[in-house]
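Chemist: Mind looking over this structure? Questions follow.
Where a number appears in this text, it was derived from the coordinates with a stated rule and is not lab data. Remember, predicted model here, so these are calculated numbers, not experimental data. Note: ideal-geometry Cβ built from the backbone for every residue, glycine included; neighbour counts use all protein chains shown.
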Amino acid sequence: MTSTLEDLATAAPRIEWTESEQPCSALWRCERGTPAPRKVLLADDTTTADSAYRLACEGTGLLWRGDFHNARQLLLALERRIDHVPRRKSRGSAASASSAAPVDSTPGAAFHRHRQAQSQRARVLAQVLIPLDADGSIPLRRAPDVRLACAQAWGAAGDEPSVVSLRELLGVVSAFEWRKKGVPFAALGPAPDNRIHAHYGVFSPVRGEYVDLVAHTALPAGAESLAFDIGTGTGVLAAVLAKRGVQRVVATEVDARALACAAENFERLEVAAQVQLLATDLFPEGRAALIVCNPPWLPARAGSPIERAIYDEGSRMLLGFLSGLAAHLLPGGEGWLILSDLAEQLGLRARAELLAAIDRAGLHVLGRVDIRPKHPKASDASDPLHAARAKEVTSLWRLGAR
């Protein structure tokens, strides 16, 4: 049975509410794929933060009809209420402490508590909703012009209004500004023509230390002719290889946004003639003297499409790369696995598991180059995962076929 345009429109996610005693509905935009709130109430400048917080915690969506800047202030007020940790009452505290179950203080338990808290926080904050007209404009007082940002994130505007959480909309605007600014890398040449511009929904390579590893590790013999970049993302590693003089780089990717992003970066950096971009999972056909892969570093489930660059459930990409590497390496070639040991520091994966996977794949370790991360969280003692981040090391594993 073929679907009509009417069927497809009906199947699109929608949000429903009542306004002026009339039923209303609009397209529902949510990057995470979370269903629209079942209950939606109108909110405006008279809505108090305490009332909004109570309703949001109950899962009630608050469709904003007031001043846009006041909506942002409300969101900040909700954040303060979520992040506030009330003091424990002193009455009976000793008895409570003795009867309470001990808290698991291992890094892995801290990681899971952190993710659970972040998920709950996101759920509550997502209840502040903003209407968008069919052209992507916001029909609220003092609202910014977000039409271009929305078009870059979601494509051309449709023919009907939509609703999005304010938090997600602010993320769209932030991504739009970051895309314009770009992230500079010395390995890509002199400024200002050395920037990678990440599209909305494509993870930005702000962790520059892994780029430095690929930029400065000696190329194996034969790599000047051909190299593969598996899961290219923004295309930064493929571009670095091309700038290092690799005559032909084959970069693979499955995400549509990342493919468009990488293609644009290759054109801007003037390496498109050297880099062949393929929409394929993991390896292209053939063999190469150098195959590079920077898989997601943490074996956990992603909560949104962009988190797939961070979380690799079941280590699918990591294990897929390892298991197929030997069959795609030329004799004497090297596979470069770029991987942080944060998963090991958090107790999510043991070093022995990684080494066993390398061995099962018919590979052996030729060498390893390590670097310490330089991002702010590595030195932020207030971060819930600081104990693990402070010990983190990012490595380029040089792998060969046995």
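Chemist: Check V250: other-chain or 5+ apart residues with amide H under 5 Å from its amide H, H built from backbone geometry?
Modeler: Placed amide hydrogens put A227, F228, D229, Q276 under 5 Å from V250.
Chemist: Hey, another quick one. Taking H as built 1.01 Å from N, whose amide H comes closer than 5 Å to the amide H of E334, not counting residues under 5 places away?
Modeler: For E334, the qualifying residues are L290, I291.
Chemist: Which of the GluC sites (Glu not before Pro) across the range 260-302 are loop residues per DSSP, with 13 or fewer other Cβ within 10 Å?
Modeler: Here the sparse-neighbourhood loop sites are E270, E285.
Chemist: Let me ask something else about it. Work out from phi, with θ = phi - 60° and the Karplus expression 6.51 cos²θ - 1.76 cosθ + 1.60, the ³J(HN,Hα) of each residue of the range 175-185, listed in order in whole Hz, and give x for Gly and Pro.
Modeler: Values, residue by residue: 4, 4, 5, 5, 5, 5, 6, x, 10, x, 9 Hz.
Chemist: Where both residues lie in the chain, what percent of DSSP beta bridges are antiparallel, nearest 5? Let's see the in-between values first.
Modeler: Working: 26 of 54 bridges.
Percentage antiparallel, nearest 5: 50.
Chemist: If amide H atoms are built 1.01 Å from N in the plane of the peptide, which residues on other chains or at least 5 residues away come under 5 Å of the amide H of A26?
Modeler: I15
Chemist: Rounded to whole Hz and in sequence order, give me ³J(HN,Hα) for the range 283-295 from the Karplus expression 6.51 cos²θ - 1.76 cosθ + 1.60, θ = phi - 60°, writing x for Gly and Pro.
Modeler: Rounded to whole hertz, the list is 8, x, 6, x, 10, 9, 7, 9, 10, 10, 8, 10, x.
Chemist: If you don't mind, another one. If you plug each phi of the range 262-278 into the Karplus form 6.51 cos²θ - 1.76 cosθ + 1.60 with θ = phi - 60°, what whole-Hz ³J(HN,Hα) values come out, in order, with x for Gly and Pro?
Modeler: Karplus-based 3J(HN,Hα) across the range 262-278 equals 4, 4, 5, 5, 5, 5, 5, 7, 6, 10, 4, 5, 8, 10, 9, 9, 10 Hz.
Chemist: Trypsin sites (Lys or Arg not before Pro), restricted to the range 342-386: which are DSSP loop and have at most 14 other Cβ atoms within 10 Å?
Modeler: Loop-located and lightly packed - K374.
Chemist: Among T48, P131, S382, whose Cα projects farthest towards the positive end of the dipole of the chain, with charges put on the beta-carbon of Lys, Arg (+1) and Asp, Glu (-1)?
Modeler: S382
Chemist: Here is a follow-up. Assigning unit charges at the beta carbon (Lys, Arg +1; Asp, Glu -1) and nothing else, what dipole magnitude in debye, to the nearest 20, does the chain show about its Cα centre?
Modeler: The calculated dipole for the chain is roughly 1480 debye.
Chemist: On the principal axes of its Cα set, how long, how wide and how thick is the range 182-401? Give whole Å, largest value first.
Modeler: 45, 41, 29 Å, listed from the longest principal axis down.
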